[in-house]
1. Using a Cα-Cα cut-off of under 17 Å, which lysines could be cross-linked to Lys144, ignoring same-chain neighbours fewer than 8 residues away?
2. Show me 114-127, 95-108 ranked by packing, highest mean number of other Cβ atoms within 10 Å first.
3. Would you mind working out the accessible area per residue for the chain, using a 1.4 Å probe, and quoting it in Å²?
4. Can you divide the C-alpha Rg of the stretch 14-58 by 2.2 N^0.38 Å and report the result to two decimal places?
5. log₁₀ I(q)/I(0) of the stretch 88-147 at q = 0.19, 0.20, 0.24, 0.27 Å⁻¹, via Debye over equal Cα point scatterers, no solvent, to two decimals?
6. Peptides 84-93, 9-18, 25-34: what's the order by average Cβ count within 10 Å, highest mean first?
7. Could you size up the charge dipole of the chain around its Cα centre, putting +1 on the beta carbon of Lys and Arg and -1 on that of Asp and Glu, and report it in debye to the nearest 20?
8. For the chain, what Kirkwood radius comes out of the mean inverse Cα-Cα distance, in Å?
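The values are calculated or read from the model by the stated rules, or taken from the named source; none is laboratory data. On a predicted model such as this, the values are computed, not experimentally measured, just so you know. Every residue, glycine among them, receives a Cβ derived from its backbone with ideal geometry; neighbour counts consider all protein chains shown. The accessibility values were calculated without ligands, DNA or RNA, using every heavy atom of the protein model including side chains. Shrake-Rupley method; radii C 1.70, N 1.55, O 1.52, S 1.80 Å.
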Amino acid sequence: MTENLSIPSLEALKRQAKNLRAALASEGDFISHSEALELIARQYGMRDWNTLHAQAGNRPDPPSFQPGRRVSGDYLGQPFAGEIIAVHNMGEQGVRLTLHFDEPVDVITFDSFSAYRQRVTKFVRPDGISPERTSGGVPHLSVKTVS
């Protein structure tokens, strides 16, 4: 049994089972989808699919952060669209992203003063949300992939 593997989302696990089933079928070995699910569960050190299902929960796939990928979201409460310039993997905690916004974002909320940012580097958790918050409780950065 393989241990200490990070358990992906249910969608990803089901894709793995589908891919396993297709790979075996291409070699003339045919198994049912439920048999493929059970094999995937064993790869993650679980006794059966139900146990793995419970461990994985119903969380969605995290966003896929890659340089060149289009993203949108909010930076300091301001909406943006842009592109990922760089990604530094920080392990299971998340990634440090460098983003280039299509249009500069005014990060000051006062009417009499402005400060624009077009390129920012910020840490985000796997869900695309930074742990840092403004004084109003809004995440500094919230990112979702567009394409």
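1. Hits, sequence-local ones excluded: Lys122.
2. Descending packing order for the listed peptides: 95-108, 114-127.
3. 63
4. 1.14
5. -0.80, -0.87, -1.11, -1.23
6. On the way: 84-93: 12.4, 9-18: 16.3, 25-34: 9.6.
Descending mean neighbour count gives 9-18, 84-93, 25-34.
7. 100
8. One decimal place: 17.8 Å for the Kirkwood radius.
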